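Colleague: My structure is below; once you've seen it, I'll send some questions.
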Amino acid sequence: MASVVLAATCVAAQESAPPDDAQDAASSIKGADLDLVRSVRVVGDRVARIVQIDRTSTVIAVRADEPTRATASAQRAQRLLPNGRADARGRAWSDLGLGAGTEPRDLAAALARDLPGMTFDAVAARLLVDPQRLLPDSGHADPDVDATASVLLATGVTPDEAVAGHYMAHALLDGASLDGPVTTDALLAHSALAEGTANLAALVFLFGGLGLESEVVSGVLKPEDALEGRLVPEDMRSGSPVLRSLLEYVYLDGFAQCSALARKGGFGRLAQERRVRRSTRDVLHVDRAPAPVVDIPAPGLPPGLGLTVADQDSLGEQGIVTLVSLLTGKDNLGLIAGDGWAGDALWRFEGGDSGATIWVTRWLTEEDAKDFVYAIERCLLARFPTERPEDDDVRGGRVLRRPDRTYRIQKTGLEVVVAVLPPALDAKMNPIDKKKGPKPPAKSSKSLN
């Protein structure tokens with residue numbers, strides 16, 4: 001049924017767009033490229049038909065050089081995650097072994113930039129276009145020697161028009177921008193559905209005239225394979241392992257999951273699901289009902305430490321999958337570790353020259369919690385091959401002590417807490433209570449061997 005709906009919208013989208021007032025809307029912009037404005041408006045009208053939106057986008061396209069586009073995307077990244085929060089979050093990620101500390105800032109920047117050659121400024125409702133993109137004579141060269149002309153000859157659409165279609169889908173469907181600072185889990189989930197939907201629209205726009213909309217929705221035609229990779233960000237190929245993994249989730253897994261939802265009811269079903277699926281768990285498991293929100297209170301710290309909250313994050317199921325998969329080299333272990341996630345909160349406390357990272361996770365079952373403990377211990381063993389966590393018969397849980405950090409894992413029922421602290425701070429936060437005696441250790445359900 002979804003293929004029939006998409007086929008009908010694709011046919012309508014290939015028809016000539018009605019006359020528009022693009023020239024009037026752009027006439028007040030000094031130096032506006034009216035040909036560019038009109039061409040983007042035509043793309044927007046066709047995309048609106050594909051995504052079944054009965055309105056015209058108010059976005060105006062303007063030429064902008066790379067520094068101007070970079071400034072616009074940097075401002076958006078700042079709204080998502082201000083620099084101070086990004087740096088503190090990076091230190092928390094680094095404590096857990098998730099990158100070198102720059103990845104939270106890099107992720108926000110990459111998502112703000114989106115695709116190469118154009119930048120969408122949602123606040124000002126402008127599409128900033130590289131001076132060498134969407135030129136009036138694009139595609140008019142010999143198709144045997146010019147890839148753009150070859151694509152135009154085959155599909156009736158130039159590569160730059162398909163990229164513009166991606167951005168116009170954002171303009172039509174995304175609604176209000178995320179209010180920052182956002183957690184990693186919320187940012188990844190929102191971005192996966194937004195980018196997946198935008199690329200689904202762009203590929204239907206590109207291939208719909210050839211009757212290949214069913215191949216797009218089925219996942220046979222993928223954004224990373226089309227147009228020499230123009231529908232995925234450059235950072236997905238050149239970034240750090242952590243950044244690449246998270247961007248692959250957004251652009252590749254996001255597209256696959258949006259395609260699966262569209263097969264059940266077209267873009268209308270996608271719009272409904274985007275309103276209720278707010279976590280990476282909800283995006284990874286579109287066959288499951290959205291998970292309820294779990295409130296995790298901040299951990300209490302002993303008085304007098306001089307520490308305050310520098311950042312509060314949530315890695316979500318995908319963050320756990322990425323962490324475990326990259327550190328252990330075992331993708332399946334990452335999937336097992338993340339499945340059963342019910343909620344998490346990652347705090348970074350800082351003050352003076354000291355800092356503490358405390359990660360509280362909640363799980364659906366005891367077995368899920370034990371699987372997570374096992375996976376975290378495997379991560380520590382991968383990071384420090386000559387050392388391994390031990391039972392702490394006095395304070396309970398498992399502990400790995402190093403000269404610069406103490407790593408603690410404490411399971412209590414369906415909650416697992418991972419704490420990473422300097423040894424001196426660990427001693428203050430975990431005083432030995434000789435009157436109560438040793439606590440029973442929380443053992444892992446699996447061997448590290």
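Colleague: Take the residues in the stretch 39-90 that are surrounded by 18 or more Cβ atoms within 10 Å (Cβ to Cβ), among the basic types (Lys, Arg) and over 24 Å from the mean Cα position of the chain (by Cα); name whichever of them is farthest from residue 119 (Cα to Cα).
Modeller: The extreme case among them is 49.
Colleague: Where in the stretch 315-401 are the strands (runs of 3 or more DSSP E), entirely inside, with at least 2 residues that are basic (Lys, Arg)?
Modeller: Per the criteria, 398-401.
Colleague: Given the residues 415, 390, which is the only one that is at pLDDT 95 or above, over 24 Å from residue 308 (Cα atoms) and touching a Lys or Arg at 6+ places or on another chain (Cβ under 9 Å)?
Modeller: Working: 415 fails: over 24 Å from residue 308 (Cα atoms).
None of the others qualify; the one that does is 390.
Colleague: Restricting the search to the stretch 235-273, which residues are basic (Lys, Arg) and either in contact with a His (Cβ under 7 Å, 6 or more places away or on another chain) or modelled with pLDDT of 95 or more (or both)?
Modeller: Residue satisfying the conditions is 244 alone.
Colleague: Also, I was wondering about something else. State which residue is surrounded by the fewest Cβ atoms within 10 Å (Cβ to Cβ) when the search covers only the stretch 343-354 and only residues that are touching a helix residue (DSSP H, G or I) at 6+ places or on another chain (Cβ under 8 Å) and at pLDDT 95 or above.
Modeller: Looking at residues that are touching a helix residue (DSSP H, G or I) at 6+ places or on another chain (Cβ under 8 Å) and at pLDDT 95 or above, I get 350.
Colleague: If you take the residues in the stretch 119-131 that are outside any strand (DSSP E or B) and modelled with pLDDT under 95, which one is surrounded by the most Cβ atoms within 10 Å (Cβ to Cβ)?
Modeller: 122
Let's see how each residue does on (1) surrounded by fewer than 24 Cβ atoms within 10 Å (Cβ to Cβ); (2) free of Cβ contacts under 8 Å to residues at least 12 places away in the same chain; (3) out of contact with any Pro (no Cβ under 7 Å at 6 or more places or on another chain):
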residue: 198; (1), (2), (3): no, no, yes
residue: 204; (1), (2), (3): no, no, yes
residue: 209; (1), (2), (3): yes, no, yes
residue: 216; (1), (2), (3): no, no, yes
residue: 229; (1), (2), (3): yes, yes, yes
residue: 241; (1), (2), (3): yes, no, yes
residue: 244; (1), (2), (3): yes, yes, yes
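Colleague: Right, here's the next one. Within the stretch 375-416, work out how many residues are closer than 19 Å to residue 429 by Cβ and surrounded by fewer than 15 Cβ atoms within 10 Å (Cβ to Cβ).
Modeller: Count: 7.
Colleague: Another question, then. Looking at residue 232, is it more than 18 Å from the chain's Cα centre (by Cα) and not assigned by TED's automatic domain parsing to the domain that holds residue 314?
Modeller: No, not satisfied.
Colleague: From the list 108, 112, exactly one residue is assigned to a helix (DSSP H, G or I), closer than 17 Å to residue 65 by Cα and in the same structural domain as residue 150 (by TED's automatic domain parsing). Which is it?
Modeller: Of the residues listed, the single one that is assigned to a helix (DSSP H, G or I), closer than 17 Å to residue 65 by Cα and in the same structural domain as residue 150 (by TED's automatic domain parsing) is 112.
Colleague: What helices (runs of 4 or more DSSP H) lie completely within the stretch 180-281 and have 1 or more residues being of a type in the set (Gly, Ala, Ser) and in contact with a Leu (Cβ under 7 Å, 6 or more places away or on another chain)? Quick ask: steps written out before the conclusion?
Modeller: Details: elements: 184-207, 213-218, 235-238, 241-248, 254-262, 266-276.
Per the criteria, 184-207, 241-248, 254-262, 266-276.
Colleague: Then there's this: From 260, 291, 310, 337, grab the single residue that is touching a residue at least 60 places away in the same chain (Cβ under 8 Å) and among the small types (Gly, Ala, Ser). Lay out the reasoning, then the answer.
Modeller: Working: 260 fails: touching a residue at least 60 places away in the same chain (Cβ under 8 Å); 291 fails: touching a residue at least 60 places away in the same chain (Cβ under 8 Å); 337 fails: touching a residue at least 60 places away in the same chain (Cβ under 8 Å).
Unique residue meeting the criteria: 310.
Colleague: Given the structure, is residue 308 surrounded by 14 or more Cβ atoms within 10 Å (Cβ to Cβ), under 26 Å from residue 82 (Cβ atoms) and of a type in the set (S, T, N, Q)?
Modeller: Details: surrounded by 14 or more Cβ atoms within 10 Å (Cβ to Cβ): no; under 26 Å from residue 82 (Cβ atoms): yes; of a type in the set (S, T, N, Q): yes.
The answer is no for residue 308.
Colleague: Return yes or no: is residue 134 surrounded by 17 or more Cβ atoms within 10 Å (Cβ to Cβ), modelled with pLDDT of 80 or more and within 20 Å of residue 46 (Cβ to Cβ)? Outline the logic, then answer.
Modeller: Details: surrounded by 17 or more Cβ atoms within 10 Å (Cβ to Cβ): yes; modelled with pLDDT of 80 or more: yes; within 20 Å of residue 46 (Cβ to Cβ): yes.
For residue 134, the condition - surrounded by 17 or more Cβ atoms within 10 Å (Cβ to Cβ), modelled with pLDDT of 80 or more and within 20 Å of residue 46 (Cβ to Cβ) - is met.
Colleague: Given the conditions (1) within 26 Å of residue 175 (Cβ to Cβ); (2) in a helix (DSSP H, G or I); (3) modelled with pLDDT under 50, and given that residue 18 satisfies all but one, which numbered condition is not satisfied?
Modeller: Failed condition: (2).
Colleague: Look through the stretch 263-305, keep the residues that are of a type in the set (Lys, Arg) and farther than 23 Å from residue 415 by Cβ, and return whichever of them is surrounded by the most Cβ atoms within 10 Å (Cβ to Cβ).
Modeller: Among them, the one singled out is 277.
The values are calculated or read from the model by the stated rules, or taken from the named source; none is laboratory data. Please read all numbers here as calculations on a predicted model, not as lab measurements. Counting neighbours? That spans all protein chains shown, and the Cβs are built from the backbone with ideal geometry, glycine included.
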